[in-house]
Structures are given as C-alpha cells and as structure tokens.
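Each remark here refers to the structure printed beneath this line.
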Amino acid sequence: MTELQTPVRPSVPTRRVVRAGAGAALAGVLAAAVVAVLAVALGAPADAVQLQPASYVTFSVVGVLAGTAVWSWVVRRSPHPARLLARVVPGVLALTVVPDVGLALVGAATWGTAVALVVMHLAVAAAAVAVLQRAVPARG
C-alpha cells in the first residue's frame, strides 16, 4: 500500500497573507472607485446606491478579504494551487455578476448601472488577483 504524498511547499506566513489582503482590498477599492466615477460620467445614474462609495467600498473590502482567505487556503493546501485558482476565480466571478444582471432584469437598477457593476466586479477581481499573485504566489 502506498501513501499519497503532496509536494512540500514552503508555508505562507500569516503576516504576509494579512498584508496581501489589505493591499488587495485597497487596490480593489481604488479600481471600484475608478469604475464608479467613469460609469457616472458615461451616463449611469449618479444617485444609484450601488455606485456610492459606502456601497462599493464595503462590498469590495468584504469580497476581497473573503477571496484572500480562499486564495491563502488554496495556496497552502492544494498540490496544484495555480490550476485550482484558475478555475475557482473565474467561477466565483461569474457567480458574482448574476445579481447585477438580475437587478436590471427586475427593474431595480438601470442597465447602465448593471453594466457598471459587472465591470466593477471584473476590475476589483483583477486588482486583487494581481496583488495576491505577487504577494502569495500560486504555483503549480
């Protein structure tokens, strides 16, 4: 009988993960702010609650910190973290845009706002992944 062995990976210091999460959250908030400002400049309603800083800052920080926790767990536990994250990140991102489209479909938001929110999700995810891949690299 043989034992399953996972490759030995260097552990990721918790302090590095915490710093990466904070940096990713900041990058995500900045990306969301740019998208919100551009969306309003391009005609999205300025009074849309989803495009107000209180809304996008809160959701960006919570989402990015949750994503950082999952990223860290995958990097620490998976024998092939890069492959797994290449599936998890787009899958979760696809799920997060469903409510944005739903808001427009039921008339709770304009299509301009919904498109801005989808772009915002993409921008926040891209910013967070860039920071996390640099600080807590997923290899293999």
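Could you say which residue among Ser78, Ser60 is farther than 25 Å from Ser11 by Cα and not charged (D, E, K, R)? Even if it seems obvious, please write down each step before you answer.
Details: Ser78 fails: farther than 25 Å from Ser11 by Cα.
Answer to the check: Ser60.
Looking only at the stretch 98-109, filter to residues that are surrounded by 17 or more Cβ atoms within 10 Å (Cβ to Cβ) and in contact (Cβ under 8 Å) with a residue 12 or more places away in the chain; which one of those is nearest to Ala48 (Cα to Cα)? Top of the filtered list is Ala109. Can you pull out every residue in the stretch 13-70 that is crowded, with 22+ Cβ neighbours inside 10 Å and aromatic (Phe, Trp, Tyr)? The one that is crowded, with 22+ Cβ neighbours inside 10 Å and aromatic (Phe, Trp, Tyr): Tyr56. Inside the stretch 126-140, residues that are of a type outside the set (Lys, Arg) and surrounded by fewer than 21 Cβ atoms within 10 Å (Cβ to Cβ) make up a count of 8.
Computed from the coordinates by the stated procedures, all read-outs in this text should not be read as laboratory data. Source: prediction; values computed, not measured. Heads up, the Cβs are rebuilt from the backbone with ideal geometry, glycines too, and the neighbour counts pull from every protein chain shown.
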